Amino acid sequence: MVGPSIRVPLLTTQSAAQTGLPVDVRGYNQITIFLSSVGTTSSGVVTIEEADYDPLLTGIYSGTWSTIGATVAASTFSAGAMVAVHLPAPACYAYVRVRISTLIGGGGTISAVLRAN
């Protein structure tokens, strides 16, 4: 039997360097980030990151987050393609987010969705 799952849009049709929505994934050990494009994405980089959460402080960590695995070149999912990035498991994640760390070139945009189980 599969436990409860979540689907959370992180970024929608973006090209500028920016940070996506941080998602609380505590208790989930199977996490996948789906990256997709509209139009041509000939350059740019997406970074998947994680950080801790301390309810006794101000909440979600506001400093520099830790990169999970390698970055993803936007050119690898250009022209309507989709790429799934499976996060290493088992692991003990707190918050996960994506960040367009290098702006998307080529005139296209990207979207990112997190799914966890």
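Every number here is computed from the coordinates shown, using simple stated rules; none is lab data. Keep in mind that what you see is a predicted model, and the values were worked out from it rather than measured. Here the Cβ is made from the backbone with ideal geometry for all residues, glycine too, and neighbour counts use every protein chain on show.
Restricting attention to region 1-20, report how many residues are part of a loop (DSSP other than H, G, I, E, B) and over 18 Å from ALA84 (Cα atoms).
Number of matching residues: 7.
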#### Entry: Pair list, Cβ under 9 Å, 6 or more apart: region 61-73 residue surrounded by 13 or more Cβ atoms within 10 Å (Cβ to Cβ), other residue assigned to a loop (DSSP other than H, G, I, E, B) and acidic (Asp, Glu)
TYR61/ASP52
### Query
Which one of these does GLN14 not meet: (1) on the phi > 0 side of the Ramachandran plot; (2) touching a strand residue (DSSP E or B) at 6+ places or on another chain (Cβ under 7 Å)?
(1)
### Summary
Among residues of region 90-117 being surrounded by fewer than 18 Cβ atoms within 10 Å (Cβ to Cβ) and closer than 16 Å to SER66 by Cα, the residue nearest to the chain's Cα centre (by Cα) is SER101
